[in-house]
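Scroll down for the structure; my scribbles are underneath it.
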Amino acid sequence: MKTSLYALAALTAISIPHIALADDHLDAAATALTSDTIAYDFVEGITTEVGPRQAGTEAEKRGRDWAVAWLKANGFANVADEPFEMPTWVPGKNPSAEIVSPFPQPFVIAPLGNSVSTEPEGITAEVVEFGNVAELRAAPDGSLAGKIAYISHSMTPTQDGSQYGFAGPARWVGAGIAAGKGAVATVIKSVGTDYHRNPHTGGTSFRGVEATPAGALSLPDAANLERMFDRANGQPITMKLVLTPRDLGVTTSGNVVGEIVGRDPALPPVLLACHLDSWWNGTGAFDDGAGCGIVAAAAKHASRDGQPLRTIRVLFAGAEEVGLFGSIEYSKAHLDEPIAVALESDFGADRIWRFESNFRDTNPDLHAKIAASIARFGVADSSIVATGGADINIARDQKTAIIDLQQDGTRYFDLHHTPDDTLDKIDPVQLRQNVAVWTEVARILANEPGAIKP
């Protein structure tokens, strides 16, 4: 394990620029680039000692307890677990998809969040192919009665992750649309870019229709199914589908918070966010243990040379994967407590390449100061207006300042929501580059005396 990590680090090191120390305040960020251990300590610890952290379950509670203890041990103040109630879905066991005819063979499948059970005996039905969600929408009402809908897409890797918005509807809304047209179940091509035999799970929705069983095939199995359609010559393709998820009713999740307390409590704090929960099928290293490690490490490094002017608050949101419950509940609970600026890390652990804010025009000096300070880490400025990640609803609700530090997402959707989301996929060199950039941004923001307004 250690040998492979060091080898990967050596291969990646050439992509990280050498950092010259221009003045004393760069010490913390530059040191983080070369020697931070805090972020890796967090993600290694939580994936080893807790593992998967499905929202609303006992495992997520153990993750929150672990995070509370870790924050306290690392010197954070005002550490708390802020509980909230939420509906909880669990995936069941032993999902399977099997082509019965005309080309009998098993496939690998994972249930999608919010789907219902086929019951252990399963469902056997004809499969109808759709190339994308638009084709499914165009199908006549009632045309899928008694059938299983299959939905494909053509997602490709991109640095900015923009193809997720293109392919995501196959999962987000496909099953609900199919159910509305009479389908007894839905299977989709996993929303991902790898070709491992690992299905990508994730949530789906059934707005206005009764929920049905829904699952995601691994990409190789989806490709195989599409080849079957190509050569079946009109002969029906029949699948037996077994999915056994359950609804546990209302259970408890929670948000974990901690602070590096600033010198001036009258100034609104800087909010650094991530999410602590994960899906059941991976250990949540990339999504989003690494993000929590990055923001916590940055808060520590940004205060290394003395107490910052503003408080730096970290938010480890709960139940993000199953509906952004933690972000919504945090905003409800703290809406009357102004924050100065918010930013989130939730796109893996690969290097940051672009900086965006929503105050480039309204606060150009601060935007320019940040852009210039992190250019040395290989981060480009941008005129794109930051909108923030899923876990900082409070910033949008308060209409306050937002920063996006965009990570390289080229391989993110190889791992996203799969069993491959494990610690060994994290490149320590790129992880430290994230910490260095976040440290410098957090240091500047936490010592900004003026209003930080969009």
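Can you say whether Glu98 is of a type outside the set (A, V, I, L, M), assigned to a strand (DSSP E or B) and open to solvent by 50 Å² or more (accessible area, probe 1.4 Å), as far as the supplied structure shows?
Here the answer is yes, as Glu98 does meet what is asked.
For region 421-454, enumerate the residues that are touching a Phe, Trp or Tyr at 6+ places or on another chain (Cβ under 9 Å), at pLDDT 95 or above and either over 14 Å from Val43 (Cβ atoms) or not in a helix (DSSP H, G or I) (or both).
Asp421, Thr422, Ile426, Gln433, Ala436, Val437, Glu440, Val441
Search region 211-237 for residues being part of a loop (DSSP other than H, G, I, E, B) and of a type outside the set (Gly, Ala, Ser), and hand back the single one that is most open to solvent (accessible area, probe 1.4 Å).
Step by step, filter region 211-237, then rank; the result is Asn233.
When you scan region 261-275, how many residues do you find that are touching a residue at least 24 places away in the same chain (Cβ under 8 Å) and either over 19 Å from Ile339 (Cβ atoms) or open to solvent by 10 Å² or more (accessible area, probe 1.4 Å) (or both)?
Of the residues in that region, 7 qualify.
Of all helices (runs of 4 or more DSSP H) completely enclosed by region 282-378, which ones contain at least 1 residues that are in contact with a strand residue (DSSP E or B) (Cβ under 6 Å, 6 or more places away or on another chain), among the polar types (S, T, N, Q) and in contact (Cβ under 8 Å) with a residue 12 or more places away in the chain?
By residue number, 325-334.
Is there a residue in region 164-182 that is without any contact (Cβ under 8 Å) to a residue 40 or more places away in the chain, touching a strand residue (DSSP E or B) at 6+ places or on another chain (Cβ under 8 Å) and open to solvent by less than 50 Å² (accessible area, probe 1.4 Å)?
Yes, that holds for at least one residue.
Give the residues of region 51-83 that are buried (at least 19 other Cβ atoms within 10 Å of the Cβ) and within 13 Å of Ala317 (Cβ to Cβ), sorted by residue number.
Arg53, Ala55, Glu60, Gly63, Arg64, Ala67
Here are some residues: Glu129, Glu135. Which one is at pLDDT 95 or above and either part of a strand (DSSP E or B) or surrounded by fewer than 12 Cβ atoms within 10 Å (Cβ to Cβ) (or both)?
Glu129
In region 285-318, which residue that is among the small types (Gly, Ala, Ser) and either over 18 Å from Asp36 (Cβ atoms) or touching a Lys or Arg at 6+ places or on another chain (Cβ under 6 Å) (or both) is surrounded by the most Cβ atoms within 10 Å (Cβ to Cβ)?
Gly318
The values are calculated or read from the model by the stated rules, or taken from the named source; none is laboratory data. None of the values given here were measured: they were computed from a predicted structure. Virtual Cβ from ideal backbone geometry, glycine too; neighbours counted across all protein chains shown. These area figures cover heavy atoms from the full protein model, side chains too; ligands, DNA and RNA do not enter into them. Shrake-Rupley method; radii C 1.70, N 1.55, O 1.52, S 1.80 Å.
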